[in-house]
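Chemist: Please see the structure below; I have some questions.
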Amino acid sequence: MKFDFSTMQIMAVGETELKVADILKEEISKRTGIVPSITDKMSDCCIALYIKDESESEEFELSQNNKQITIVAHRLRGLIYGAGLFLRKCEYTDGKITLTKNISCNKAPSAMTRGHQLSYTDMNNTYESWDYNQFRQYILDLAFFGLNTVEATTTKDEERTKIMLYGYKEAMDIESAICKEFDLDFSVWHSLSTDDTDDEAVEKAKETYHNTPKFDYLFNPGGDPGDLLAEDFVERCLKLKKALKPEFPNLQIWPSLQAPHEYPDWGERIVAKFDKESPDEVDGLIYGPNHAMSIDEMRRRFDMKYLFRYYPDIGHNVRCESPVHFNRDDWHYAMTATLSREAVNPRPTEFRLLHRMMRQYFIGSVTYSEGVNDDANKFIWSSMDYDYNCSLRESILDYARMFYVGADSEKLCDIIFGLEQNWVGDPIENSSIERTYDEIAALYKAEPKLGENWRFMLHLFRATCDKLVRDRRIFELALIEEASTQIHLGNKDEALRILGTEYTDEYKALRATLFPMAEKLNKLIGIQLDVEHFGGMGWERGCTLDTIDNPVTDRVWLINKINSGVDPSELLNRNIVDNDEYYFSFAEHGFDICGKQEGEFYMDFQGDRNIDSKLPMCMTKVYDHFNFKTSVAGLTSGNYELRITYKNRPNDKIEHHKVVINGHVIHDGKQFGGRRDEEFEKKFLADGYQSVVYDIDKSVLENGCAVLEITEPLDGFMISEFWFTKA
């Protein structure tokens, strides 16, 4: 049953109730043009707001009797949560307010901490261009979905960019003041370094935070960045808390066990420090990227008196803690190369999986974010933190009703799910890309006013990018197939002509729509989608216009190699092997084939750095770890050669780079070992890579099977592909 609230009034009497009444009135007015009156009596169509007992509880109760709603909470933020629930469940069309169902409930949040980091630094892709009103609205939007913590970051004013409206402390104090206004907690990420002594660090902190309107949590990362020894890190954290306590008596300090790379034993040493001293001054610990140990090991090794908070990265897509398809790392290289690290990235089902995997260890989370490219993820994550059992589809419908005013929320919900599905598998095999683009383009055509809605334009921009990648890959692979025929016939010049074919007018027209959309988005919300025109820090920082034209096939690589004199037949056959041989590429074949690896590896994707097409696409994923193991079969023809493509990371200290087949040591010694094939490198690799060959005697094979193991305990190794070929 639906309810018409178009004639609604808001009943409020006390100071806190009247404040929330004003917020609710403003939000209704923005969506419909209707300005509800605020009254001190209940009417037939009314929302009544009450504060009872003014405790710290975040619980609220909402009771509905037809078109009369009563929201009772213990504090201001509780009333905001209740008002947000009403706003999220309403549809706003043709100047009407329609509540979609009876929303009576008693709500208490599942997680204690529910927040997002809004980092005002030169690295982020959006926030640095915001003014006070934009910060205020965004924080309020998040609060409507259950947020209770906002986190700022420290930086240096000498790093201030031209598009920043404020200095760092000014921006931090703005976020803090907004939190104070809305009864939210305020946290600051504050890195520590050997550049300062403890005394210098303390004095700088006291100066930085003096007169900050509200300050509840101090988050100090051990690394990323940070370079203090584990013991020194803990001591400095404690000194900072002691120094700041006089001005902020309720301040809590939450160090993060993110380890500096230069200290391999950092994790063990901080465990020993806590085991020995068990400092009561530490209020809790944070788990985030570059962690010193797995979350399960961390929880087992630290006393239960230390609560844990999660610091998940929901903004980055690659070269990060939770890359796209984090549990299998198979995001296709065409998408990774063109959309890169900070493209617009709704990932609802994937982040639900991550949330379910991790929430048992934490009292909540504050996410890492560098801008609004992850806007949908923030609201989805907040919904899950507020209610562990929430419906994912209902959460996205809430997002659609709340922010796509007047549009079809069901269609927009499906579009957001569709954008996530667009990144599954090879784009040429994914019909979701075409369907999602058609659906959002049709909505835009039917409702041109959506062009002034930055969230809609953000997702239209992403859908357009996905379609461009798919269209270009289909087009170029067809050219490569046609050119291959000519190469087999010996017609090199004709093959080059075919490979150089221009894109269609339809493709060029679609590509031309991206820049106007980027201009509109920059005007509406300040997102910087390239470096030259919008002031982005670099192509990796959400500047999709600077990466969208990167290679998605080997077309340009083939042209360049053929023109340099390499036999085109050799290029086409680079990765082709006989049935009794084996070729594997991390980029082309997907990591699932290799099986689960021991420890946490890093996939160093190179495709978005391949603007000059020096790498074939099969080399664009580089596995970086201390160990690798996989099984190969079908090697039935005597002696073999194992060829591995390594990415260079020279280290003379390496003594035990080990290659083992079926338990037989093939090499154990200096880095790489084997014999280098410089001729192969010149033809088929790029600078910075080596082709190393190992001889495999048939005696080490077991009925054609080989278990390949590579280990190096000091610095690890980086590989992109390998072959087993007959000697």
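Here, each number is a calculation from the coordinates, and none is a lab measurement. This structure is a prediction, so every number in the text was calculated from the model and none was measured. FYI the Cβ positions are ideal-geometry reconstructions off the backbone, even for glycines, and counts take in every protein chain you see.
Chemist: Listing L147, L76 from the residue with the fewest other Cβ atoms within 10 Å to the one with the most, what is the order?
Modeler: L76, L147
Chemist: Next question. Using only the Cα atoms, what convex hull volume per residue in Å³ does the range 574-726 have?
Modeler: 110 Å³
Chemist: How many nm separate the modelled label positions at D624 and S569, each set 7 Å beyond the Cα in the direction of the Cβ?
Modeler: Roughly 4.0 nm, to one decimal.
Chemist: Of the options G226, C237, N290, report the single residue whose Cα projects farthest towards the positive end of the charge dipole of the range 203-303 (beta-carbon charges: Lys, Arg +1; Asp, Glu -1).
Modeler: C237
Chemist: Which residue, G33, A177, L479, has the largest displacement toward the positive end of the dipole of the chain when charges sit on each Cβ (Lys, Arg +1; Asp, Glu -1)?
Modeler: G33
Chemist: Counting other beta carbons within 10 Å of each Cβ, put R300, R114, R472, R609 in order, fewest first.
Modeler: On the way: R300 9, R114 27, R472 22, R609 17.
Going from sparsest to densest Cβ surroundings: R300, R609, R472, R114.
Chemist: Now for a different question. Assuming R0 = 51 Å, can you tell me the calculated FRET efficiency for the pair K492 and S37, based on Cβ-Cβ distance, to the nearest 0.05?
Modeler: Between K492 and S37 the formula returns 0.05.
Chemist: For the range 540-550, take each phi angle, set θ = phi - 60°, evaluate the Karplus expression 6.51 cos²θ - 1.76 cosθ + 1.60, and give the result in whole Hz per residue in order, putting x for glycine and proline.
Modeler: Calculated HN-Hα couplings, in order: 6, 9, x, 8, 4, 4, 8, 10, 4, 9, 4 Hz.
Chemist: Multiplying the sequence separation of D505 and T197 by 0.36 nm and subtracting their Cα-Cα distance, what value in nm do you get?
Modeler: 104.7 nm
Chemist: Label-point separation (nm) for K180 and K653, each offset 7 Å from Cα along Cα-to-Cβ?
Modeler: Using points 7 Å along Cα→Cβ, the separation is 4.9 nm.
Chemist: Can you give me the distance in nm between label points at N211 and R356, each placed 7 Å from the Cα along the Cα-to-Cβ direction?
Modeler: 5.1 nm
Chemist: Another question, if that's okay. Can you give the calculated 222 nm mean residue ellipticity of the chain, where each DSSP H run of n ≥ 4 adds -39,500 (n - 2.57) and the sum is split over every residue, rounded to the nearest 500 deg cm²/dmol? Kindly include the intermediate steps, with their values, before the conclusion.
Modeler: Working: 22 runs with 261 residues, N = 727.
That comes out to -11000 deg cm²/dmol.
Chemist: Separate question: Between K411 and T98, take the C-beta separation as r, use R0 = 25 Å, and let me know the FRET efficiency to the nearest 0.05. Don't skip to the end; give the middle numbers.
Modeler: On the way: r = 17 Å, r/R0 = 0.68.
For R0 = 25 Å, the calculated efficiency reads 0.90.
Chemist: Shifting gears a bit: Angle check, please: helix 76-88 long axis (alpha carbons) against the longest principal axis of the chain (alpha carbons), in degrees 0 to 90, nearest 10.
Modeler: Result, in degrees: 70.
Chemist: If you line up the long axis of helix 198-209 against the longest principal axis of the chain, both from Cα atoms, how many degrees apart are they, to the nearest 10?
Modeler: Once rounded, the angle reads 50 degrees.
Chemist: Now a separate question. Evaluate the charge dipole of the chain about its Cα centre and quote only its size in Debye, nearest 20, assuming +1 on the Cβ of each Lys and Arg and -1 on the Cβ of each Asp and Glu.
Modeler: Charge dipole of the chain: 1620 debye, to the nearest 20.
Chemist: Filter K241/K273; K206/K276; K52/K101; K52/K107; K561/K629 down to the pairs with a C-alpha to C-alpha distance above 24 Å, please.
Modeler: Correct reply: K206/K276; K52/K101; K561/K629.
Chemist: So if the hydrodynamic radius of the chain is defined as the Kirkwood radius over C-alpha pairs, what does Stokes-Einstein give as its diffusion coefficient at 10 °C and 1.306 mPa s, in µm² per second?
Modeler: D = 56 µm²/s.
Chemist: For the range 59-146, what is the convex hull volume of the alpha-carbon atoms per residue, in Å³?
Modeler: 137 Å³
Chemist: Under unit Cβ charges (Lys, Arg +1; Asp, Glu -1), what dipole magnitude, rounded to 20 debye, does the range 113-406 have relative to its Cα centre?
Modeler: Charge dipole, the range 113-406, about its Cα centre: 920 debye, nearest 20.
Chemist: Rounded to the nearest whole Å³, what is the per residue volume of the convex hull around the Cα atoms of the range 516-649?
Modeler: 183 Å³
Chemist: Between the range 137-169 and the range 485-537, how many Å separate their Cα centres?
Modeler: Here the two parts' Cα centres lie 34 Å apart.
Chemist: Starting from the range 561-623, pick out the GluC sites (Glu not before Pro) whose DSSP state is loop and whose Cβ has at most 15 other Cβ atoms within 10 Å.
Modeler: E598, E600
Chemist: On to the next question. For a footprinting-style exposure proxy, rank M304, M123, M172 by other Cβ within 10 Å, fewest first.
Modeler: Working: M304 7, M123 19, M172 23.
Ascending Cβ contact count within 10 Å gives the list M304, M123, M172.
Chemist: Exceeding 26 Å between C-alpha atoms, which entries from my cross-link table qualify? They are K467/K520; K162/K445; K67/K445.
Modeler: Working: K467/K520 20 Å; K162/K445 36 Å; K67/K445 35 Å.
From the list (K467/K520; K162/K445; K67/K445), the Cα-Cα distance tops 26 Å for K162/K445; K67/K445.
Chemist: Mind listing the phi-derived Karplus ³J(HN,Hα) values for the range 95-104, rounded to whole Hz, using 6.51, -1.76 and 1.60 with θ = phi - 60°, and x for any glycine or proline?
Modeler: x, 10, 10, 10, 7, 6, 6, 5, 10, 4
Chemist: With charges only on Cβ, +1 for K and R and -1 for D and E, what is the dipole size of the range 574-726 about its Cα centre, in debye, rounded to 20? It would help to have the intermediate numbers written out before the result.
Modeler: Numbers: 18 positive and 27 negative charges, 36 e Å.
Charge dipole, the range 574-726, about its Cα centre: 180 debye, nearest 20.
Chemist: DSSP loop GluC sites (Glu not before Pro) in the range 1-102 with at most 11 other Cβ atoms within 10 Å of their Cβ, which ones?
Modeler: Details: sites: E15, E17, E26, E27, E54, E56, E58, E59, E61, E91; in loops: E54, E56, E58, E59.
Those that pass, being in a loop and sparsely packed, are E56.
Chemist: Can you tell me the order of 474-486, 448-460 when each peptide is scored by its average per-residue count of other Cβ atoms within 10 angstrom, highest first?
Modeler: 448-460, 474-486
Chemist: Follow-up question, since we're still on this one. Which trypsin sites (Lys or Arg not before Pro) from the range 664-697 combine a DSSP loop assignment with at most 14 other Cβ atoms within 10 Å?
Modeler: Hits after loop and neighbour filter: K670.
Chemist: Among DSSP bridges having both ends in the chain, what percentage is antiparallel? Round to the nearest 5. If you can, show how the numbers build up before the last one.
Modeler: Working: 60 of 98 bridges.
Percentage antiparallel, nearest 5: 60.
Chemist: R0 = 45 Å: FRET efficiency of R328 with E235, Cβ-based, nearest 0.05? Walk me through the intermediate numbers first.
Modeler: On the way: r = 41 Å, r/R0 = 0.91.
Between R328 and E235 the formula returns 0.65.
Chemist: Work out, step by step, the length gained on full extension between R301 and D275: first 0.36 nm times the residue separation, then minus their alpha carbon distance; give nm to one decimal.
Modeler: Numbers: separation 26, 0.36 × 26 = 9.36 nm, distance 0.87 nm.
That pair, R301 and D275, stretches by 8.5 nm at full extension.
Chemist: Still on this structure, I have one more. Using alpha-carbon positions, what is the distance between the centroids of the range 214-283 and the range 83-101, in Å?
Modeler: Measuring centre to centre over Cα atoms gives 45 Å.
Chemist: Roughly speaking, what is the centre-to-centre gap between the range 330-347 and the range 459-473 when only Cα atoms are used, to the nearest Å?
Modeler: 11 Å
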